[in-house]
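Take a look at the following structure, please.
The values are calculated or read from the model by the stated rules, or taken from the named source; none is laboratory data. Please read these numbers as outputs of a predicted model, since none were measured by experiment. Cβ atoms come from the backbone with ideal geometry, glycine included; neighbour counts cover every protein chain shown. Quick note on the areas: whole protein, heavy atoms, side chains included, nothing else; ligands and nucleic acids left out. Shrake-Rupley method; radii C 1.70, N 1.55, O 1.52, S 1.80 Å.
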Amino acid sequence: MGQGNDEDDANQCNGSEGLPPTSSSSKLMKIEAENGQLPWDVLDFISKKLDFDDIFQIAGVCKNWRTFHKFYLRNFKSSQAPLLVLTSSYTKKAYFFFSISEQKVYHPKLDCFRGLSYSGSSSGYLVMAGAYKLLLMNPFTRRKKKVINTLAIRHNLGYMCCQPLLAFAKGSEEFIIVVLCKHYNSLHIYQSRHSCWVTYSTMGYPWKVVDFVVLNNTLYAITEEAKIGVLSLNSASLRFLELKNTPNVTSSRLNLVSNNGQLLVVHFVPKVILHVYKIDLSAMEWIKLETLGDLALFYANGRSCYALSYPCRWGYERNSLYCISPSLEKCQVYSLNSKLKRCIVPSGLRAPPRSRFYWLDWCFQHVHEEVDYSLVE
């Protein structure tokens, strides 16, 4: 589905012809009505005074504000710290974002997640799974990309049953979704250009992929035997790389991480082991890192791992790994020698009585993955 249909989908999702007005957005509309077109420096000043949630509603005021919002949002997202994706046992199917650096909770105020469960966060979208369907929703623009039928996978991608990756075709509105069904050891890829699913492996045969990532517009995958390869979008194949110094390890806890043109492999078991390797694609070899330098890792237990350069800008420690898990109500901080340095207990997070929050994942708003078909076909 093309981007041109996003606005109509968003309206249907919200159940009205536009976004429900808030007190802040009503004030913005009043300002616009009184003052007409505003210079961008004035709009920039106003945007700095708005709450996080209202930032994403200023586009609904008028064309002048919508044009400003399009360019402002790009810089705004890149300047934001990673957010935690939360849900509550009390408000089932309601999802929240939490900023550790600001110790603040944000509610996306979406009412279209009924009957859906969180699967993952990718390229600025939440991927929600339901009864044989996936919903792609950008919570920051209130736009729904598409509802995708998953009957061809033959598995119910319910709560936390799959790990998705969303990437857009370079120079196109087309997109792909890579889905790892961990309960069934199967890997599937959906391409919007063909509107169909292709199964790459099932029941762990011919290989058991445990993670994947986009690097330099190419889709890489890693198996539980630490074999790394390039996933083809032209055929259901995985072309393995001939790498030197591959560690002798077999684990489902191997994560691929893309950061600033580098491919990293993270092998992490909380309080037991933390090994980080760089894959030197020019020398075609594994290199074990003794330090992360100006880098921090963000790990969602049993799911994905992400990297952030110069994390001190948002109050995070360099050369550290931040770990969250649905079973914990705190964020654990590890050093590279796998020692637990400290725990972060949020001060601004209060669950309803007889309830608790579940920390699901990390969300990086500015990440926008792209694949280049010409590199893999």
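Suppose we keep only residues that are more than 22 Å from the chain's Cα centre (by Cα) and hydroxyl-bearing (Ser, Thr, Tyr) within region 347-372. Which one would you say is least open to solvent (accessible area, probe 1.4 Å)?
Ser355
Ok, one more. Can we say Tyr322 is over 15 Å from Leu86 (Cα atoms), open to solvent by less than 20 Å² (accessible area, probe 1.4 Å) and part of a loop (DSSP other than H, G, I, E, B)?
Answer is no for this residue.
Determine, yes or no, whether Arg342 is without any contact (Cβ under 8 Å) to a residue 60 or more places away in the chain, open to solvent by 40 Å² or more (accessible area, probe 1.4 Å) and either in a loop (DSSP other than H, G, I, E, B) or of a type in the set (Gly, Ala, Ser) (or both).
Taking the combined requirement at face value, the residue does not satisfy it.
On the basis of being at pLDDT 90 or above, under 17 Å from Lys278 (Cα atoms), polar (S, T, N, Q) and open to solvent by less than 70 Å² (accessible area, probe 1.4 Å), does Asn255 make the cut?
yes
Quick one: would you say Arg350 is free of Cβ contacts under 8 Å to residues at least 12 places away in the same chain and within 21 Å of Phe96 (Cα to Cα)?
Judged against the criteria, Arg350 is a match.
Filter region 290-318 for residues that are assigned to a loop (DSSP other than H, G, I, E, B) and either crowded, with 16+ Cβ neighbours inside 10 Å or modelled with pLDDT under 90 (or both) and give the result.
Leu292, Asn301, Gly302, Arg303, Ser304, Gly315, Tyr316, listed by residue number.
With (1) more than 18 Å from the chain's Cα centre (by Cα); (2) more than 24 Å from Tyr190 (Cα to Cα); (3) modelled with pLDDT of 75 or more; (4) surrounded by 15 or more Cβ atoms within 10 Å (Cβ to Cβ) as the list, and Gly60 as the residue in question, which single condition is left unmet?
(3)
What pairs come up if the first residue lies in region 240-251 and is among the hydroxyl-bearing types (Ser, Thr, Tyr), the second is surrounded by 14 or more Cβ atoms within 10 Å (Cβ to Cβ) and part of a strand (DSSP E or B), and their beta carbons are under 6 Å apart, counting only those six or more places apart or on different chains?
Thr246/Trp286
Show the residue pairs that are 6+ apart or on different chains and have beta-carbon atoms under 8 Å apart, the first residue being within region 281-296 and under 26 Å from Tyr334 (Cβ atoms), the second being open to solvent by less than 20 Å² (accessible area, probe 1.4 Å) and assigned to a loop (DSSP other than H, G, I, E, B).
The qualifying pairs are Ala296/Tyr316.
Would a scan of region 147-160 turn up a residue that is surrounded by 18 or more Cβ atoms within 10 Å (Cβ to Cβ), part of a strand (DSSP E or B) and in contact (Cβ under 8 Å) with a residue 60 or more places away in the chain?
No, because not a single residue in region 147-160 is surrounded by 18 or more Cβ atoms within 10 Å (Cβ to Cβ), part of a strand (DSSP E or B) and in contact (Cβ under 8 Å) with a residue 60 or more places away in the chain.
Still on this structure, I have one more. Quick one: is His183 in contact with a Cys (Cβ under 6 Å, 6 or more places away or on another chain) and exposed (fewer than 14 other Cβ atoms within 10 Å of the Cβ)?
Yes; evaluated as a whole, the condition is true for this residue.
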